[in-house]
Amino acid sequence: MRLVSIRQVLPGMKVGRTIFTEDGKVLLGVGMTLTDRLIQGLVRSGIDSLYIDDPRTGDIVVEDVIRPETRQVAVETIEKTVKQITNSNKLARKISLKEMGLHFQHAFGSILDDLMQNRQIVMHLASISTHSPSLYHHSVNVAVLSTAVGMSIGYNRNQLMELGIGAMLHDIGKTQLPAEMLQKTERWSQEEMEIAKQHCLLGFNILRKQHDISLLSAHVCLQHHERLDGSGFPQGLKGKNIHEYAQIVGICDIYDSLTSPRPWRKRYMPQDALEYLMGAGGHLFDHRLINAFRSHIAIFPIGSSVVLNTGEVGVVCRVDPDYCHRPTVRILKDGRGNDVRASYDLDLKTNIKLFIVGFEDDQLFSIGGLAENQET
């Protein structure tokens, strides 16, 4: 399979990987043949890219780090909780979330089991994004990434549960923000950004009252925007006053936010988001945690279409964790943009004069410097 822009999708192509709606329902399943009507439906749903089956890349398998049914249960658990809180807000009632911790222990327990069973994939995550910017999928993505970091630094199962549940619920305070802010398709104003910063404390106040949610998980919600140098919010904490769980989730939150599209901007390339995080090591985040995160991210994910300095276009088919910036690429187009008669693989580790200059459809990606305050 290979990842293509929605603009390159044609009727007759087949879906190579399950596509989900923002609330976790299956939109299109694997093997579905695309039609004009289905493609337009994907566009309306905000899908900007998808995996398709292609005979030339039939042996390239992009493995899901968690099963589709695991993701669906996790997304539905978050969605149900968000709706319960939202309904309580509308009715001006006290928020009542019976057995909230039990539901999230079940949902995250399945995520953790999948990750434990797929340790080889977890050791070098290629792609976990559903290409949906929704709160639900973002929360699951951050939980997966955070757990991968926790596993790499030796957390036990109980610690991973605390970290993962905190990650799934890190943005739950946004349910307390004004509805008109959450429904905006433009960037928030500076005044709205200040209001949005309250979501950390608002979420903490919800979670700390749940007897079956760890207080450390609640502190993830409170502190995930705190930074080592004291420049974060809501309390301006510094150094070791910020819990390690919260630092991990903060790193993963930024990465997933930047590499996902927003109504007002395109997604950033993985290497740009990673470069930003590497530059933040030592003053915004602990170097050790940044390095642990970096060891799990493929700059050029398997299945992605890339362009070489020769103009040739191909699909990443293998990634060596020790040389993630120089993967093996299956060439599909020559330097003039014509399909090659027979595809062939180039290992960029041994072809040192060749290198990747970008993705085939860079129109999907924002170019330029990053600033953390672009996202909250």
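The values are calculated or read from the model by the stated rules, or taken from the named source; none is laboratory data. All figures in this text were calculated on a predicted structure; none of them were measured in a lab. Positions of Cβ are generated from backbone atoms using ideal geometry, with glycine treated the same way; all protein chains shown enter the neighbour counts. Accessible surface is based on the protein model in full, side chains and every heavy atom, while ligands, DNA and RNA are left aside. Shrake-Rupley method; radii C 1.70, N 1.55, O 1.52, S 1.80 Å.
For the stretch 222-308, how big is Rg over Rh, using alpha carbon atoms and the Kirkwood form of Rh?
Reported Rg/Rh, Kirkwood definition of Rh: 1.02.
Per the helix-only calculation at 222 nm, which mean residue ellipticity applies to the chain, given -39500 (n - 2.57) for every DSSP H run of n ≥ 4 and division by its residues, nearest 500 deg cm²/dmol?
Only helices count here, giving -12000 deg cm²/dmol.
Just list whichever of LYS184/LYS238; LYS98/LYS209; LYS14/LYS349; LYS25/LYS80; LYS25/LYS83; LYS83/LYS184 have alpha carbons separated by over 22 Å in the model shown.
Cα-Cα > 22 Å for LYS184/LYS238; LYS14/LYS349; rest within.
Using only Cα atoms, figure out Rg for the stretch 268-359 and give it as a multiple of 2.2 N^0.38 Å.
1.22
R0 = 45 Å: FRET efficiency of TYR344 with VAL43, Cβ-based, nearest 0.05?
So the FRET efficiency works out to roughly 0.85.
Restricting to the chain, compute how many DSSP beta bridges are antiparallel as a %, nearest 5.
Restricted to the chain, the bridges split so that about 85 percent are antiparallel.
Taking the chain as a Gaussian network, where each spring joins two C-alpha atoms under 10 Å apart, which residue of GLN72, GLN176, GLN190 fluctuates the most?
Comparing GLN72, GLN176, GLN190 in the GNM, the peak value goes to GLN190.
With charges only on Cβ, +1 for K and R and -1 for D and E, what is the dipole size of the stretch 1-48 about its Cα centre, in debye, rounded to 20?
Using Cβ point charges on Lys, Arg, Asp and Glu, the stretch 1-48 gives about 160 debye.
How much length is gained if the chain between THR35 and ASP229 is pulled fully straight, taking 0.36 nm per residue apart and subtracting their Cα-Cα distance, in nm to one decimal?
Taking THR35 through ASP229 to full extension adds about 64.6 nm, to one decimal.
Of all the accessible heavy-atom surface of the chain, with the other protein chains kept in place and a 1.4 Å probe, what percent is carbon and sulfur?
On the chain, the fraction of accessible area on carbon and sulfur atoms equals 51 percent.
Which residue fluctuates the most in the chain, going by a Gaussian network model with Cα springs under 10 Å, if the choices are PHE355, PHE300, PHE108?
Residue with maximal mean-square fluctuation among PHE355, PHE300, PHE108: PHE355.
What is the projected area of the convex hull of the Cα atoms of the stretch 128-245, averaged over all directions, in nm²?
Across all orientations, the stretch 128-245 yields a mean hull projection of 8.1 nm².
Over the chain, give the accessible area per residue in Å² for a 1.4 Å probe, as an integer.
The answer is 45 Å² per residue.
Grab the beta carbon distance between MET116 and LEU216, set R0 = 25 Å, and tell me the FRET efficiency rounded to 0.05.
That gives a FRET efficiency of 0.75.
Rounded to whole Å and ordered largest first, report the semi-axes of the equivalent ellipsoid of the stretch 1-113 derived from its Cα gyration tensor (root of 5λ).
34, 18, 8
Using a 1.4 Å probe and counting only protein heavy atoms, arrange VAL149, VAL30 so the residue with the most accessible area comes first.
So the residues, ranked largest to smallest area, are VAL30, VAL149.
With springs connecting C-alpha atoms under 10 Å apart, model the chain as a Gaussian network and identify which of GLN183, GLN247, GLN271 has the largest mean-square fluctuation.
Of GLN183, GLN247, GLN271, the Gaussian network model singles out GLN183 as fluctuating most.
Roughly what % of Cα-Cα distances in the stretch 318-364 sit above 16 Å, to the whole percent?
Percentage above 16 Å: 47.
Please state, rounded to one decimal and in Å, the Kirkwood hydrodynamic radius that the chain gives when every pair of distinct Cα atoms enters the mean of 1/r.
It is 21.4 Å.
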